[in-house]
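Computed from the coordinates by the stated procedures, all read-outs in this text should not be read as laboratory data. Quick caveat, the model's predicted, so the values are computed rather than measured. For neighbour counting, all protein chains shown are included, and Cβ atoms are generated from backbone atoms with ideal geometry for every residue, glycine included.
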Amino acid sequence: MRKSEGSTRRQFLGIAGTAAAIGTVPVVSLRPVAATPETMTAAIRNVIGSAAVRIGKVKLDVPPLVENGNTVPMTITVSSPNTAEDHVKSIHVFNEKNPQPNIGNFYLGPQAGRGQISTRIRLADSQKITAIARMSDDSLWSATADVVVTLAACTEEVI
Amino acid sequence: MASALINVPKKAKRGDVIEIKTLMSHIMETGYRHTAAGQVVPRDIITSFTCRYNGEEIFRADLFPAIAANPFITFFTIATESGKFDFEWIGDNGFSEKASATISVE
Amino acid sequence: MKLFGTIFLAAVLMAAGFAAAAEIPRNERRSGYTFMAPDTQTIQDDDTANPGMLWVLDGESLWKRKAGAAGKSCSDCHSDANTSMKGVAARYPAFDKTLGRPINLEQRINLCRARHQEASPIAYESRDLLALTAFVAQQSRGMAITPDTTAELQPFVAKGRDFFMKRQGQLNLGCTNCHDDNWDKHLAGSAVTQALPTGYPIYRLEWQSMGSLQRRLRNCITGIRAQNYDYGSPELVELELYLMSRAAGMPIETPGVRP
């Protein structure tokens, strides 16, 4: 599993952010073509701004080999004391190869007690998923997972 | 007709962290499928899910086409007082559904 | 397209190694559930997370709803489903004396509507019919499949077995070639199962919806490029009948979840 160092990631996001500012990378929109790693980066920038994102604290639970891309169980757990002073504010999930880069945004808060959410998602291809958590002090933490999908979503036609 | 399945513990002790599980019936049409004639089937998804605990928002989610049909969402909250959880799903084409569950906290 | 390509490949491979088709020995039978990944199994296990339960709950409301010219609900005659419907799905398809042939649970529901509620039949694969069928079948959850052993039914079981065994369609495949001879292998990343319908109607992840056994059979028949049959046709009911006898003794899992 490729793990980039914090500074490399900051550089990468910095470059992508500049590109987005120039307008060469499209932001979130319903396009007929698939998302790419660049649109995922742009979507991330759209949601969390230009702050640095560190790897850690976030556990992204997705089956490494998916039974069916139409319904993939996903659980995200963020380690945090979960107190009024130190808790998870929100969790944002992105993908790189679906037609659209966003999967969902989940807003928690001090009353949550545990920084964990579960849902079921669609994956159109084998790809990387990224989950980013914003803590109460506005620090950002992320995790990624590589998922292999043999039966894809978003491609089945209406019968 | 039952559109939602909610799972909230009926009872809890004050301060317990409880899990709330929700399942809503909805096709979550992505907007990327085509009919046999080649026309796009328009997007029809739930875009927002909110949970209020005695009137105060404790959880909210923005949903996109990448969320699977019949959205299943689980989250946690601290049981503070007896009362009611109100759930609301809002989506395309004026979709709006509500559900609620009560809890007794001692 | 992808499915066609992989089925074609499978046909080529299987034609190369033809073996006399024999049914799976009783003690080697496994439900489709056991072929699934643990994450998918969890979806079926938890009633609060199983999307099929949405249809079961709908069915529970429909059970109490008055219908037809007679203005009766299912509960008016059958009262509580969890007593009156226990074991019913476990012995369907069953023989209907008036029609002189087997009928499946969906057809029984529609016959009840026609004969006792004076109501029009509910369309196959419609949400309402799936909901009622799922609700009734769920009352037998955990019970062993117990096919009816009436003499009149046996010729139809034999016809169903013949259908299962015979090669047909463009790809010249019989159900048995995959489901008896190759159930321990994979086709395009999916496990080939043993064709034991223990959880129907199922919530199929591929459909992202509830569906009947006949929907699944029609998908398979399309897959082998054979002449398909309409919902409710005698051929499909006979095949259902044979498949349930194949699964005799195994517990009902409705509402099942399958990939």
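Looking at (1) more than 11 Å from chain B (Cβ to nearest Cβ); (2) buried (at least 22 other Cβ atoms within 10 Å of the Cβ); (3) out of contact with any Asp or Glu (no Cβ under 8 Å at 6 or more places or on another chain), which is the one condition that is false for residue A:48? So the condition that residue A:48 fails would be (2). The residues of the stretch A:115-133 that are facing another protein chain (nearest Cβ under 7 Å) and surrounded by fewer than 20 Cβ atoms within 10 Å (Cβ to Cβ) amount to a single one, A:118. Considering the stretch B:63-86, and only residues there that are within 22 Å of residue A:83 (Cα to Cα) and facing another protein chain (nearest Cβ under 7 Å), the residue that is farthest from the chain's Cα centre (by Cα) turns out to be B:78. The residues of the stretch B:6-36 that are more than 9 Å from chain A (Cβ to nearest Cβ), more than 14 Å from residue B:82 (Cα to Cα) and outside any strand (DSSP E or B), listed by number, are B:25, B:26, B:27.
Looking across the stretch A:62-105, the residues that are over 12 Å from the mean Cα position of the chain (by Cα), more than 9 Å from every other protein chain (Cβ to nearest Cβ) and among the acidic types (Asp, Glu) come down to A:85, A:86.
Kindly evaluate residue C:59 against the criterion of being on the phi > 0 side of the Ramachandran plot and not aromatic (Phe, Trp, Tyr). Spelling it out, it is not the case that residue C:59 is on the phi > 0 side of the Ramachandran plot and not aromatic (Phe, Trp, Tyr). Residue B:59 - would you say it is of a type in the set (Phe, Trp, Tyr), touching a helix residue (DSSP H, G or I) at 6+ places or on another chain (Cβ under 9 Å) and either at the interface with another protein chain (Cβ under 7 Å from one of its Cβ atoms) or surrounded by 18 or more Cβ atoms within 10 Å (Cβ to Cβ) (or both)? Spelling it out, residue B:59 is indeed of a type in the set (Phe, Trp, Tyr), touching a helix residue (DSSP H, G or I) at 6+ places or on another chain (Cβ under 9 Å) and either at the interface with another protein chain (Cβ under 7 Å from one of its Cβ atoms) or surrounded by 18 or more Cβ atoms within 10 Å (Cβ to Cβ) (or both).
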